[in-house]
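Participant: My structure is below; once you've seen it, I'll send some questions.
Readers should treat all values here as calculations from the given coordinates under stated rules, not as data from a laboratory. Please read these numbers as outputs of a predicted model, since none were measured by experiment. Quick reminder, even Gly has a Cβ in these numbers, built from the backbone with ideal geometry, and neighbours come from all protein chains shown.
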Amino acid sequence: MILYAITAVLFLVIDAVMLTLVMKPLFTRHIGDMMRDSLMLAPAGLFYLAYIAGLVFLVSTPALRDAAPERAALHGAVIGAMAYGTYEFTSMSIMKNWSWAMVATDTVWGAVLTGFCAWAGVMIMMRVQG
């Protein structure tokens with residue numbers, strides 16, 4: 001539970017900054033008329049709860065067990081690229097005005113964010129556990 005909480009706080013804080021400073025302006029430029037005026041918290045919350053649970057279960061817990069934070073970073077990055085890429089490439093294939101800039105930025109961001117948070121969560125837990 002502690003690993004989940006650490007990972008979730010890191011993920012949410014870092015992602016909020018990126019969403020505000022980079023992703024919202026990028027998406028607004030390309031699909032602004034399709035965007036909501038305000039965020040729907042329930043779907044966003046469900047995504048984050050489930051995504052971070054999957055990350056901790058599939059990546060962080062095994063890496064922590066084996067004291068392998070570098071593996072958490074790599075496996076987290078792969079999961080992040082797959083998840084964010086699935087959304088982006090599917091959207092590109094079916095939505096008007098979707099751009100390659102959105103696909104590339106969000107897919108790379110998913111890999112970096114997920115890999116970093118998996119790595120950082122494992123590193124923090126290893127330090128706490130001594």
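Participant: What are the residue pairs meeting all of these: first residue in the range 75-95, first residue hydrophobic (A, V, I, L, M, F, W, C), second residue outside any helix (DSSP H, G or I), Cβ atoms under 6 Å, and 6 or more apart or on different chains?
Facilitator: Note: pairs meeting the criteria are Met92/Trp98.
Participant: Restricting attention to the range 33-42, does a residue exist that is in contact (Cβ under 8 Å) with a residue 12 or more places away in the chain and under 13 Å from the mean Cα position of the chain (by Cα)?
Facilitator: So far as the range 33-42 goes, no, none of its residues is in contact (Cβ under 8 Å) with a residue 12 or more places away in the chain and under 13 Å from the mean Cα position of the chain (by Cα).
Participant: If you don't mind, another one. Do the conditions hold for Thr114, that is, is it surrounded by fewer than 17 Cβ atoms within 10 Å (Cβ to Cβ) and not aromatic (Phe, Trp, Tyr)?
Facilitator: For Thr114, the condition - surrounded by fewer than 17 Cβ atoms within 10 Å (Cβ to Cβ) and not aromatic (Phe, Trp, Tyr) - is not met.
Participant: Let me ask something else about it. Looking at the range 57-67, is at least one residue in contact (Cβ under 8 Å) with a residue 24 or more places away in the chain, within 15 Å of the chain's Cα centre (by Cα) and farther than 14 Å from Phe11 by Cα?
Facilitator: Checking the range 57-67: at least one residue is in contact (Cβ under 8 Å) with a residue 24 or more places away in the chain, within 15 Å of the chain's Cα centre (by Cα) and farther than 14 Å from Phe11 by Cα.
Participant: Does Val112 satisfy the criteria of being in a helix (DSSP H, G or I), under 11 Å from the mean Cα position of the chain (by Cα) and not hydroxyl-bearing (Ser, Thr, Tyr)?
Facilitator: yes
Participant: Please verify whether Ala53 is in contact (Cβ under 8 Å) with a residue 12 or more places away in the chain, on the phi > 0 side of the Ramachandran plot and surrounded by fewer than 16 Cβ atoms within 10 Å (Cβ to Cβ), treating the condition exactly as stated.
Facilitator: No; evaluated as a whole, the condition is false for this residue.
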